[in-house]
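The values are calculated or read from the model by the stated rules, or taken from the named source; none is laboratory data. As the structure is a computational prediction, the values presented were derived from the model and not from experiment. When we count neighbours, we look across all protein chains shown, and the Cβ atoms used for this are built from the backbone with ideal geometry, even at glycine. When the accessible area is computed, the model is the full protein with side chains, heavy atoms only, and any ligands, DNA or RNA have been set aside. Shrake-Rupley method; radii C 1.70, N 1.55, O 1.52, S 1.80 Å.
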Amino acid sequence: MNTLRILGVLLSYMALFSTSLYAQDKNTVEQVEPIVDSAAVETKEKLIEELKYIKQPGLANAASKIYHADRRYSISGFLELNSVSFLGDRTRGDDLELNYTNLYRLGLYFGYKITDKFIFNSEIQAELLHDGFRELGTELNFEWIFDYLFAPQFNVRVGNYPVPIGYVNINEEPTAFYSVNRPEVERLISPTQWLETGVLFYGSVLSGNWEYNAGLTKGLDAAEMVEGTWIRRGRFHSLDFSGLAANGKVEYTGNERIKFGLSGYYGNAGRGRMLPDGSPLDPIVQLYSVFGGYEWKNLSLFGLAMTGNMTQTDRLFLLSQQLIGQETFGYYTEARYNLFSLFPNKALKGSLPIWVRYERLDTHAGIASGLDAINFERQNLEIISIGANYRPKRNLVFKGNYQFRSNLAPQAFKKPTA
């Protein structure tokens, strides 16, 4: 049944916080009393440190600030507020992510250079979700990492880092994507935001034109997964390494106008659990993604595709009564154009990109044999989104978009039989 959903944003904002205790920007420095000592003036100005928009491999802009800061410490962050309205029926899914109407998200980063090569970085992220009729969903997480910078070609990261899969999971800040919410493919097939505890090796090679990430982390928890959002609920916050996972990514960074990346994830999601008959549960999750984009003057194009599979979903059903997809897929393509480029009037500040996106995904592209007659929650979605952004500054964006959504699965959510 077709469903129309309006996504109206109140505000999607990335706030960059100054590391100075005396001023918030250089304009404030110019308003202080004149200082005769030139050395003191220079010291005063050095306290004001702005984000350089230089990304560290595996991290977004605000999270990368400490690596390129002139001082020993840095503070940065982002704030995201959005509202969602529905026309038509909502999904029956158990996951609040499928039905939320309001989202408030705050991320604060604090970084400290213990030495020029040994760096501590951390994030406090608070999130509030509400679905308008059922419940509140809240999260407050503290994430930390330590990096040792051996050389541009090889570095080591230990701690809670974003899994380098897809595009948005790394580029999580609201100014990095155009829709009010993250693309559905990168919410339901590859969960965002997805961080895991482990070790990551990364660097830039081939004259700095290519970036790589290769890591080993704790695995997911299959027993907590629900049908409508595939592996999303399998994320958990603890230092339980009873299951391990490997992840990796290769991305082209040699030209700002060109985006291209390949990534993958392979891991055990059993977490040492046993079935009622005493046999072990050891499902393997695999997820692979590719993305590409190109910018030409005021027009940009972007596309992403991913596919995933999971073993032992029939055995998992005996434990949790959730029929998780054995195979999944998703892809989307997006085109954007800056409307302000049509008007030569320089009084128009910032940019006003309009965009359109086509998405296709299926959380149950394949299910385990023998489970055909069981009803299950299937997100077999075709989505067309249109929207606009007003970006008065590089670190501030107001967004709005409208979605035409169709769930192509039968109403009973059964896999069609031949």
Test for Ala373: is it closer than 29 Å to Ile231 by Cβ, open to solvent by 40 Å² or more (accessible area, probe 1.4 Å) and in a strand (DSSP E or B): no
Condition check: open to solvent by less than 50 Å² (accessible area, probe 1.4 Å) and assigned to a strand (DSSP E or B). Does Asn171 satisfy that? no
Those residues that are in contact (Cβ under 8 Å) with a residue 40 or more places away in the chain and hydroxyl-bearing (Ser, Thr, Tyr), I need them from segment 311-352; list them, please. Thr313, Ser320, Thr328, Tyr331, Tyr332, Ser341, Ser351
Out of all the residues in segment 185-212, which are out of contact with any Ser or Thr (no Cβ under 9 Å at 6 or more places or on another chain), assigned to a loop (DSSP other than H, G, I, E, B), open to solvent by less than 10 Å² (accessible area, probe 1.4 Å) and not hydrophobic (A, V, I, L, M, F, W, C)? Thr192
For the subset of segment 105-123 comprising residues that are hydrophobic (A, V, I, L, M, F, W, C) and closer than 18 Å to Gly77 by Cα, which member is surrounded by the most Cβ atoms within 10 Å (Cβ to Cβ)? Ile119
I need every pair where a residue in segment 262-291 that is of a type in the set (Val, Ile, Thr) has its Cβ under 7 Å from the Cβ of a residue that is at pLDDT 95 or above and open to solvent by 10 Å² or more (accessible area, probe 1.4 Å), sequence separation at least 6 or different chains. Ile284/Asn268; Ile284/Thr311; Val290/Leu262; Val290/Ala305
Considering only segment 144-184, how many residues are over 27 Å from Val290 (Cα atoms) and in contact with a Leu (Cβ under 7 Å, 6 or more places away or on another chain)? 0
Leu239, sole failed condition from (1) out of contact with any Phe, Trp or Tyr (no Cβ under 7 Å at 6 or more places or on another chain); (2) assigned to a strand (DSSP E or B); (3) farther than 30 Å from Ala335 by Cβ: (2)
Being surrounded by 13 or more Cβ atoms within 10 Å (Cβ to Cβ) and touching a helix residue (DSSP H, G or I) at 6+ places or on another chain (Cβ under 9 Å) narrows it down to one of Gly254, Gly270, so name that one. Gly270
Could you look through segment 133-149, keep only residues that are among the charged types (D, E, K, R) and over 13 Å from Leu200 (Cβ atoms), and pick out the one that is surrounded by the fewest Cβ atoms within 10 Å (Cβ to Cβ)? Arg134
Sort through Leu381, Leu348 and tell me the only one that's touching a helix residue (DSSP H, G or I) at 6+ places or on another chain (Cβ under 9 Å), over 30 Å from Leu275 (Cβ atoms) and part of a loop (DSSP other than H, G, I, E, B). Leu348
Output yes when any residue across segment 150-164 is farther than 21 Å from Val250 by Cα, without any contact (Cβ under 8 Å) to a residue 60 or more places away in the chain and open to solvent by 70 Å² or more (accessible area, probe 1.4 Å), and no when none is. no
Could you pull out the residue among Tyr104, Tyr109, Tyr100 that is part of a loop (DSSP other than H, G, I, E, B), over 11 Å from Asp147 (Cα atoms) and out of contact with any Pro (no Cβ under 7 Å at 6 or more places or on another chain)? Tyr100
Members of segment 215-236 that are part of a strand (DSSP E or B) and open to solvent by 20 Å² or more (accessible area, probe 1.4 Å): Leu216
Identify all residues within segment 225-274 that are under 13 Å from Leu316 (Cβ atoms), among the aliphatic types (A, V, I, L, M) and modelled with pLDDT of 90 or more; write none if there are none. Met225, Val226, Ile231, Ala269
